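Structure record follows, encoded as structure tokens.
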């Protein structure tokens with residue numbers, strides 16, 4: 001029983017981390033056989049279980065006799081995800097400043113890696129470090145429920161981030177500058193300045209996705 005569970009988790013992680021962020025897969029169907037073959041060392045049953053779990057999270061749509069549909073990024077998904085981020089990250093900025101737990105080192109490290117991944121062809125790495133940058137802020141609050149809820153949306157954040165870079169290929173430099181402004185705002189220990197930089201960054205991301 002443990003092996004089945006482990007395989008399900010392995011398939012789940014593979015679909016979440018490798019297939020869902022891949023824009024070439026959006027609008028296509030996945031079959032149990034195809035995914036089992038790509039993952040290797042598993043049967044169709046763990047794939048079916050992973051499909052059901054991802055469908056319950058709204059990341060896949062199960063269609064009888066066709067398989068699991070990978071939906072494209074939608075305006076509603078973008079709007080809801082960015083609205084959620086605005087609430088959570090603005091509150092996180094307030095709390096870490098109040099408690100003196102500003103994660104400057106972790107955020108600067110993520111920003112350095114992101115800057116090193118800003119060349120063409122490194123969009124996936126760039127967006128993954130983008131997610132780590134923002135997660136470091138949320139994690140520093142020290143609220144496990146908040147961190148888990150934010151982490152659970154990682155696949156959505158990466159899907160949206162990659163789509164944003166596709167829409168505006170020159171956005172990397174602006175993102176790095178906006179992230180530095182967020183760090184500077186946090187360092188100033190002025191919650192309003194930090195939140196302004198943070199929310200301005202999210203609004204700019206949203207505006208670049210307005211044409212979807």
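Do we have residue 89 as touching a helix residue (DSSP H, G or I) at 6+ places or on another chain (Cβ under 6 Å) and either within 23 Å of residue 203 (Cβ to Cβ) or free of Cβ contacts under 8 Å to residues at least 24 places away in the same chain (or both) here? Yes: the conditions hold for residue 89. Being surrounded by 15 or more Cβ atoms within 10 Å (Cβ to Cβ), part of a helix (DSSP H, G or I), at pLDDT 90 or above and in contact with a helix residue (DSSP H, G or I) (Cβ under 8 Å, 6 or more places away or on another chain): is that true of residue 78 here? In short, yes. In this entry, residue 108 passes the filter for residues that are touching a residue at least 40 places away in the same chain (Cβ under 8 Å), closer than 22 Å to residue 189 by Cα and surrounded by fewer than 21 Cβ atoms within 10 Å (Cβ to Cβ). Of all residues in the range 65-80, none that is farther than 16 Å from residue 162 by Cα has its Cβ atom under 8 Å from the Cβ atom of a residue that is modelled with pLDDT under 90 and surrounded by 12 or more Cβ atoms within 10 Å (Cβ to Cβ), 6 or more apart or on another chain. Test residue 102 against the stated conditions and say whether it is more than 16 Å from the chain's Cα centre (by Cα), assigned by TED's automatic domain parsing to the domain that holds residue 190, farther than 18 Å from residue 177 by Cα and touching a residue at least 12 places away in the same chain (Cβ under 8 Å). Judged against the criteria, residue 102 is a match.
Taken together, 59, 54 contain a single residue that is touching a residue at least 24 places away in the same chain (Cβ under 8 Å), closer than 30 Å to residue 195 by Cβ and assigned by TED's automatic domain parsing to the domain that holds residue 23, which is 59.
In the range 183-196, the count of residues that are within 28 Å of residue 74 (Cβ to Cβ) and touching a residue at least 24 places away in the same chain (Cβ under 8 Å) is one or more. Condition check: under 20 Å from residue 190 (Cα atoms), part of a loop (DSSP other than H, G, I, E, B) and touching a helix residue (DSSP H, G or I) at 6+ places or on another chain (Cβ under 9 Å). Does residue 102 satisfy that? Spelling it out, residue 102 is indeed under 20 Å from residue 190 (Cα atoms), part of a loop (DSSP other than H, G, I, E, B) and touching a helix residue (DSSP H, G or I) at 6+ places or on another chain (Cβ under 9 Å).
Testing residue 43 on (1) at pLDDT below 95; (2) within 24 Å of residue 158 (Cα to Cα); (3) out of contact with any strand residue (DSSP E or B) (no Cβ under 8 Å at 6 or more places or on another chain), one condition comes back false. Which one is that? Only one criterion in (1) at pLDDT below 95; (2) within 24 Å of residue 158 (Cα to Cα); (3) out of contact with any strand residue (DSSP E or B) (no Cβ under 8 Å at 6 or more places or on another chain) is unmet by residue 43, namely (2).
The values are calculated or read from the model by the stated rules, or taken from the named source; none is laboratory data. Quick caveat, the model's predicted, so the values are computed rather than measured. We place every Cβ from the backbone using ideal geometry, glycine too, and count neighbours over all the protein chains shown.
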